[in-house]
Amino acid sequence: MTIELSKSPKIDSSLAAIVEDFGGRIVPLEPIGAEVSGIDLTAADSIPSEVRDALERIMAERGFLVFKNETQLEPEDFLRASCLWGGRELHSTHGVHPETPGGNPHIFRLSNDERHGIPDVGPQWHNDGSFLPATFSHSGYHIIRPAENGGGTHFAHQGLAYEALPEDRKERWRRLSSVNSASGVVHPLVHEHPITGQKCIWLHLGMTGAVLEKLPDQDAFRLLHADELKALCHEYNDILNAGLENGYATAFEYNENDCVFIDNLAVAHRASPEAHMPVEQQGLRIMHRSTVKGMQDLAPGFDLPQHVRIDGPNPVGEGVWQGGGVGFRWDDDIRMRN
Ligand SMILES: [Fe+2]
């Protein structure tokens with residue numbers, strides 16, 4: 001597969017001016033993302049709607065925003081700021097670690113030490129809430145304690161990754177739909193982003209149980225066989241990895257007090273390998289994650305249902321149909337967990 005260079009768009013000057021008029025400053029990070037300073041997230045409720053909308057649009061175009069905070073945000077400040085985006089309310093489906101401040105059910109506390117937070121989450125490319133029809137619109141990451149020797153998050157822009165695909169893959173991938181192994185929810189492999197209209201690729205590499213292919217020129221579907229699904233997962237992994245070299249993905253490292261918000265329909269993410277390395281080697285990492293309610297179902301095309309019984313018998317015919325756990329294992333040599 002040949003991979004072409006993709007470039008993220010510049011920040012529109014009229015959007016940047018809206019942020020600046022409010023006393024903020026926004027600068028692009030390279031190759032994707034943008035850094036915001038001068039906006040007090042402890043007063044998120046007082047941010048005017050036009051500033052919020054401008055930031056949300058820049059987030060969709062560049063994938064994520066890093067807020068540089070003068071002081072450590074309280075958990076409540078972080079959660080209130082999360083509600084600036086998308087569905088504007090929290091939607092939390094995770095377990096609550098005993099060290100979570102106040103036992104707050106909206107904070108997913110992650111760490112490389114299980115005494116401090118839940119370990120080993122998200123080692124492969126994915127989007128949060130892929131088991132829901134309306135996947136989370138946005139996720140937030142508030143670093144409580146960055147590890148001294150690194151351990152951040154990789155982000156890859158899924159619109160720019162689509163553009164980097166060869167034409168034959170674009171055409172084929174537009175005919176594919178994935179089935180979540182945990183819930184049976186069906187999502188298109190290529191969707192149009194609700195804010196930018198950009199075509200974006202979408203696949204969970206640790207929670208996919210089947211992929212359906214709409215046959216060209218026929219009103220019929222087939223299931224991908226194991227060798228085809230393996231190849232697809234590798235190609236998806238490869239095209240996002242290639243962004244690290246070709247300008248549409250980044251290995252982001254957190255600084256103290258950073259608060260990152262991502263557009264969960266525009267960027268895939270995974271924990272960096274260092275994020276899961278032991279405390280003795282990396283230092284202690286503690287992070288709080290929030291998840292924001294989706295705006296609409298990420299519905300498959302071709303009149304496919306939003307939901308199928310992945311835990312029931314295979315209704316399609318020969319091919320991979322695997323409910324539960326991490327779904328189809330496409331590489332036996334890598335850590336896989338959703
Ligand atoms: Fe995640």
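Each reported figure results from applying straightforward, stated rules to the coordinates on display, with no laboratory input. Remember, it's a predicted structure, so these values are computed and weren't measured experimentally. Reconstructed Cβ throughout: ideal geometry from the backbone, glycine too, with neighbour counts over all protein chains shown.
Worth a mention:
- A Förster radius of 25 Å, combined with the Cβ-Cβ distance separating His193 from Phe302, puts the computed FRET efficiency at roughly 0.80.
- Net dipole in debye of the stretch 223-338 [+1 Lys, Arg Cβ; -1 Asp, Glu Cβ; about Cα centre; nearest 20]: 440 debye
- Angstrom value of the Kirkwood radius, inverse mean 1/r, which spans all Cα pairs in the chain: 20.3 Å
- Mean separation of Cα contacts under 8 Å, 6 or more apart, over the residue count of the chain: relative contact order %: 28 percent
- A convex hull fitted to the Cα coordinates of the stretch 287-333 yields 164 cubic angstrom per residue.
- In this label model, Glu256 and Ser13 are separated by 3.8 nm, measuring between points 7 Å along each Cα→Cβ vector.
- Amide H contacts under 5 Å for Phe252: Thr153, His154, Phe155, restricted to partners 5 or more places along the chain or on a different chain, H placed in the peptide plane at 1.01 Å from N.
- For the stretch 255-338, the set of chymotrypsin sites (Phe, Trp or Tyr not before Pro) satisfying both a DSSP loop assignment and a count of at most 15 other C-beta atoms within 10 Å is given as Phe302.
- Treating r as the C-beta distance of Gln281 and Asp333 and R0 as 22 Å, the FRET efficiency rounds to 0.55.
- The modelled label-to-label distance for the pair Glu235/Asp311, using points 7 Å beyond Cα in the direction of Cβ, is 3.2 nm.
- Reachable lysines from Lys10, criterion Cα separation under 24 angstrom, eight or more residues apart if same chain: Lys68, Lys199
- Estimated inter-spin distance, Glu171 and Thr42, nm [label 7 Å along Cα→Cβ]: 5.8 nm
- Asp113 long-range amide H proximity, modeled H, under 5 Å: Arg285
- Karplus-based coupling profile of the stretch 137-146, in residue order and whole Hz: 6, 9, 10, x, 10, 10, 7, 8, 8, x, with θ = phi - 60° in 6.51 cos²θ - 1.76 cosθ + 1.60 and x standing for Gly or Pro.
- Centroid-to-centroid separation of the stretch 23-65 and the stretch 124-191 [C-alpha atoms, Å]: 21 Å
- Cβ-derived FRET efficiency at R0 35 Å, Glu76 paired with Leu215, nearest 0.05: 0.10
- Extension gain (nm, one decimal) between Arg222 and Glu89, 0.36 nm per residue minus Cα-Cα: 44.1 nm
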